[in-house]
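Everything below concerns the one structure shown next.
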Amino acid sequence: MTDQEKILNEVTGSDYKFGFQTNIDTETIPKGLNEEVVRIISAKKEEPEWLTESRLKAFRHWQTLHMPDWAHLKIPEIDYQDIIYYAAPKQEAKYESMDEVDPELLDTFNRLGIPLEEQKQLAGVAVDAVMDSVSVKTTFQDILADKGIIFCSFSDAVKNHSDLIKKYMGSVVPYTDNYFAALNSAVFSDGSFCYIPKGVRCPMELSTYFRINAANTGQFERTLIVAEEDSYVSYLEGCTAPIRDENQLHAAIVEIVAMENAEVKYSTVQNWYPGNKEGKGGIYNFVTKRGICKGDNSKISWTQVETGSAVTWKYPSCILKGDNSVGEFYSVAVTNNYQQADTGTKMIHIGKNTRSTIISKGISAGKSQNSYRGLVKVLKGAENARNYSQCDSLLLGDKCGAHTFPYLEVNNRSAVVEHEATTSKIGEDQIFYCNQRGIDTENAISLIVNGYAKEVLNKLPMEFAVEAQKLLAITLEGSVG
Amino acid sequence: MLEIKDLKVNIEDKEILKGINLSVKAGEVHAIMGPNGSGKSTLASALAGRNYFNITHGKIIYEGKDLTELTPEDRAREGIFLGFQYPVEIPGVSMVNFLRTAINSMRKYRGQEPLPAGDFLKLMREKKKIVEIDSDLTNRSVNEGFSGGEKKKNEIFQMALLEPRLAILDETDSGLDIDALRIVSNGVNKLRSPENATIIITHYQRLLDYIVPDVVHVLYKGRIVKSGDKSLAKELEEHGYDWIKHEVDAHA
């Protein structure tokens, strides 16, 4: 065994650093899914009749569907009747101050390195922390309320802003969209809602930390962001999850609506439990994320750093409906051990002079499989549409795989679509060069990988970028090829 | 400072170095010359700790330590610097970030605190002057898009910054035009001191017009077949390697 191979095997030995479980009493309903369960979820959340009906419609549709099998993923059969579809921390009360929050929960956040207190003071980030399904703590409401910005849990929005929810929920990702969208629409538990009124620039980064905790509980989050004319918002989503053996199903929906001249930046750092080194356990992450640039000159930008989950199935997309609208997708997806990722984007050009940019950086290590899958579709009326796609793959070791599946559908002759793809290996030459300058192999890989992913990391808000760099280093600890 | 004793090195099953003996003292500059394929670069790599070959016999003693027991990074931290013949590109990693990581790794090894950012940048500015390197170059990614000459200047710049005790320059002159050669040589000369030593590996004599060696060795077929003072280099310049080859092969 060469040194490189030894180190390679060590990676596989590095344990998930954020693996711990919080003991908070959870109120759950029995396993399984049927109309009754859907009704219970809706009732527990005291939802209006129209929403209960909407859930049931989605559930009935879901029953007619089959799990998609086109992705480059090997997924063991999921028994949807063996999953608990609702769990809420028992303390239902909302808190006025941090002192009232369950100390164990605060400790959880502290161990994750994302203390709410510090964030309030240092980063100026309003955090709507989602612990399992019900939002526990909402901050900075006053500052936001001042500007007329609504940032609250999805359930609160259903209660207090039901007109907006009714108008926009499902308008970008209808329940008929796909298998997991239908499932989510039937059983979604909670999530976030964000509304930026006309002409308002949101003064802070909005963030939500998701965390899967109760054993055997699927997470079905729902996020809706609406940016009215001439508004701007930057939204952060980040998460880690505790170690466990059973696979956990996660099927989220994120919908973004951008009106004329509005801009929405959506950044994700995803670090859910990826399973152990034998590929056991880990989160199954099936996410439907889509934004629509509804108005002219609007812009939606997705940035994601994906390091976790056993299985990732995720294609944050943009529908470029308004003329001159802009869609962007910047992605770093890292897979290690037995992780599998099939991720990419869809850019649908409808309006004139619409532009889209796709920068995808895949990093594969261990025995993992990492696929980019992207669609660029230019409709007939999309005069002068432009797309630039760049898909790079970096391999660490020779037991992993990188795949690129670009799809192009161009129906307008004036469109210009460019696609570039590269595949490279971290070279022993690069590592030795670093070694010779006194840098050990671990740090060398961290340097090289972060350099490779720089274009994407630069798109992240500052505090997230630092976190993401650390994550890349932790995830790839010791992998060399 | 450096004592190489009967060093034999294999790449796969082929013996490349067949018993090298070399002794380098502090303050000395040694030139190792030889025709292509004689094992010059392998010797440089063996000193730096490249692991694609096996040391089958012999010893490398550096400052009283058995070098073969140290990892490449520890050798670097102990003061061994290799100027690469073909410096690799590391896209996206800025020179500043790279060198700061390097310097702080070495400081940590020596039990020193990391160098504050301000001090580091000041140090970089000072050292840049030695090799007349453009500011622009240090703002770019490591060697990315550098010309051949820029890469070599960058090696000497790194050497100036890291202040090694033993510098091994592997074919630093190859691919350099006359101006770059002058700059690189000046850099090396400025860094000469009674405390450190330099091993210059080269195919051509012309570098030695600029950097005057104390000892010249000729490496041929994995052995040092001749050693002498700087006049040996002149002789090689005039007569080529053939006369040595004949001499050696006749004995064999």
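The values are calculated or read from the model by the stated rules, or taken from the named source; none is laboratory data. Here the structure is a predicted model, which means the values were calculated and not measured. Neighbour counts are summed over all protein chains in view; Cβ atoms, including those assigned to glycine, are modelled from backbone coordinates with ideal geometry. Side chains included, ligands, DNA and RNA excluded: accessible areas come from the protein's heavy atoms. Shrake-Rupley method; radii C 1.70, N 1.55, O 1.52, S 1.80 Å.
According to the Cα-based calculation, Rg over Rh for region A:41-80 is 1.16, with Rh computed by the Kirkwood formula. Shielding of peptide A:441-453 by partners, expressed as the average count of other chain Cβ atoms within 10 Å per residue Cβ, is 4. With a 10 Å cut-off around each Cβ of A:423-436, the average count of Cβ atoms from other chains is 6. Comparing B:Glu126, B:Glu78, B:Glu171 in a Gaussian network model of chain B, where Cα atoms under 10 Å apart are tied by springs, the biggest mean-square fluctuation is seen for B:Glu126.
The residues of region B:2-251 expose, per residue, 44 Å² of accessible area to a 1.4 Å probe. Computed with a 1.4 Å probe over protein heavy atoms only, the accessible surface of region A:318-381 comes to 26 Å² per residue. Geometric descriptor of region A:260-305, per residue, is 60 Å³ (volume of the convex hull of the Cα atoms).
Each 10 Å bin, from zero up to the one with the longest distance, holds this percent of the alpha carbon pairs of the protein assembly as shown: 3, 13, 21, 20, 15, 11, 9, 5, 2, 0, 0.
Using a Gaussian network for chain B with springs between C-alpha atoms less than 10 Å apart, which of these wobbles most: B:Asp170, B:Asp13, B:Asp74? Among B:Asp170, B:Asp13, B:Asp74, the largest GNM mean-square fluctuation belongs to B:Asp13. Chains B and A together bury some 2100 Å² of accessible area, summed over both sides, with a 1.4 Å probe.
At 222 nm, what helix-only mean residue ellipticity would the protein assembly as shown give, in deg cm²/dmol to the nearest 500, using -39500 (n - 2.57) for each DSSP H run of four or more?
The per-residue figure over the protein assembly as shown is -8500 deg cm²/dmol.
The distance linking region A:270-329 with region B:169-230 is 55 Å (Cα centroid to Cα centroid, whole angstrom). Here the spin labels are modelled as points 7 Å beyond Cα on the Cα-Cβ line, and at A:Leu408 and B:Arg192 they lie 5.9 nm apart.
Averaging the Cα positions of each part gives two centres, and for region A:406-468 and region A:342-383 these lie 17 Å apart. Placing unit charges on each Cβ (+1 for Lys and Arg, -1 for Asp and Glu) gives region B:2-251 a dipole about its Cα centre, and among B:Met95, B:Ile20, B:His251 the Cα reaching farthest toward its positive end belongs to B:Met95. Note: region B:2-251, Cα convex hull, 126 Å³ per residue.
The relative contact order of region B:2-251 comes to 28 percent, based on Cα pairs under 8 Å that sit 6 or more residues apart. Peptides A:326-339, A:172-185 ranked from most to least packed by the mean count of surrounding Cβ atoms within 10 Å: A:326-339, A:172-185. Summed over the residues of region A:395-450 and divided among them, the accessible surface reaches 46 Å² per residue at a probe radius of 1.4 Å.
Taking every residue in B:70-83, how many Cβ atoms of other protein chains lie within 10 Å of its Cβ, on average? Taking the mean over all residues of the peptide, I get 4. Of the residues making up region B:98-113, those losing 50 Å² or more of accessible area when the isolated chain is joined by the remaining protein chains, with a 1.4 Å probe, are B:Phe98.
Accessible surface of region B:2-251, 1.4 Å probe: 46 percent of it comes from carbon and sulfur atoms.
In region A:347-397 the Cα-Cα distances spread across 5 Å bins starting at 0 as 5, 19, 22, 14, 12, 11, 7, 6, 3, 0 percent of all pairs. Springs join every pair of Cα atoms under 10 Å in this Gaussian network model of chain B, and among B:Asp136, B:Asp209, B:Asp179 the largest mean-square fluctuation is at B:Asp136.
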